[in-house]
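Coordinate-derived values only; no laboratory data. All figures in this text were calculated on a predicted structure; none of them were measured in a lab. Reconstructed Cβ throughout: ideal geometry from the backbone, glycine too, with neighbour counts over all protein chains shown.
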Amino acid sequence: MVLGKVKSFTVSYDCLNDSNIPLFSSGDSVSGRVIIEVTGEIRVKSLKIHAKGFAKVRWTESRNAGSNTAYTQNYTEEVEYLNHRDILIGHERDEDNSEESLTTIHSGRHEYAFSFELPQTPLATSFEGKHGSVRYWVKAELHRPWLLPMKVKREFTVFEHIDINTPLLLAPQAGTKEKTLCCWFCTSGPISLSAKIERKGYTPGESIQIFAEIENCSSRVVVPKAAVYQTQTFYAKGKMKEVKQLVANLRGESLSSGKTETWSGKMLKIPPVSPSILDCSIIRVEYSLMVYVDIPGAVNMSLNLPLVIGTIPLHPFGSRTSSVSSQCSMTMSWLGMALPERPEAPPSYAEIVTEERRLTALEGPTTRDEFEGALFAYIQEFRFQPPPLYSEIDPNPDRANGTEEGRQDTCPSR
């Protein structure tokens, strides 16, 4: 008898949301099917699944051990969140090749259901970073006598939900700063900066309304700017590795001596980015809004306001399931957005905020399902294309090209 062949071998998930995509949270039931399509009969020892979820970090550093000796130090760490095994056909041990221990699968398409519960304890959100990742997957293994096992693996996405409708994340963030430029006995007037945002928590697709006042009493022309940064921090063997990436930015108008500029809700839109990861012991993903003044010939003056990127959008009426919000107009155009390889010069206020957007105020997904669908699309499309590194970005992209001399706090020529 000529045995048949396996035509296809796949894993699919039973999705619980309207978007029909595999998204889960701690405590959810993950179910799906292993699908086998064969031509002719095949004999099978076992069909097994292995579900696993873990956070893992890895990086290397070069070390000098002497004048002519160098070596590489590896830093790795792993945290396990899920480890589940199940047998869909056969037995745990596959050593027995006798006919009695084999299962016959006839020609055609066959589906084998599986189901397991995610732990009730908090899980880390799926993430792909510079030196680490958080991944969840189900692997199926088909064992047949005298043949190598067939294996197929498919990932699924886990969100540890962050509800921004909490007092801590709805609290305003504010700060002030002042800087006086001087050189030896020459002193110019101070530059002062105050900035405030309405809350700490946002979701991708929303716009941060920035309220700021910049007063320039110095003799130089300065430029107010704002930027959102993502900071990835990785921990292994008592060491720490940090990566800072630019997410979005904008600039104000140049401010000459004696002038003041006021931002009355200037909007900076958050592109599709991963949610904050705050509870993983080896990976943290944090965000901040930097409002700063670019000072030619001196160190920039900046204010850092912490942000938390959540997964459950703002509901002004206190309902976590409301699909209508007076402060949010649903727009899914940001689904296809990719962060640029190198951000362009920040646009002017008139270019980024039209009168219509000023009236609509904030933009973003208004329901949990809408957010999950959008963020899943981002993870799948851009997970291997992270934003540019902080060190790779010109912090003053609008400045003329050319070599800039080292910044010093020197007085302007008179």
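Overview of values
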{"read-out": "Ascending count of other beta-carbon atoms within 10 Å, so fewest first, for Phe127, Phe159", "value": "Phe127, Phe159"}
{"read-out": "The range 5-158: relative contact order in percent, alpha carbon pairs under 8 Å with at least 6 residues between", "value": "34"}
{"read-out": "Order of Glu261, Glu206 under a 10 Å beta carbon neighbour criterion, fewest first", "value": "Glu261, Glu206"}
{"read-out": "Scattering curve values for the range 164-271, log₁₀ I(q)/I(0), Debye with Cα scatterers, q = 0.11, 0.15, 0.21, 0.24 Å⁻¹", "value": "-0.50, -0.81, -1.12, -1.26"}
{"read-out": "Neighbour-count order for Trp146, Trp137, Trp263, fewest beta carbons within 10 angstrom listed first", "value": "Trp146, Trp137, Trp263"}
{"read-out": "Distance histogram for the range 5-158 (every C-alpha pair counted, 10 angstrom bins, percent rounded to whole numbers)", "value": "10, 31, 26, 19, 10, 4, 1"}
{"read-out": "Compactness relative to 2.2 N^0.38 Å, alpha carbon Rg of the range 15-105", "value": "1.84"}
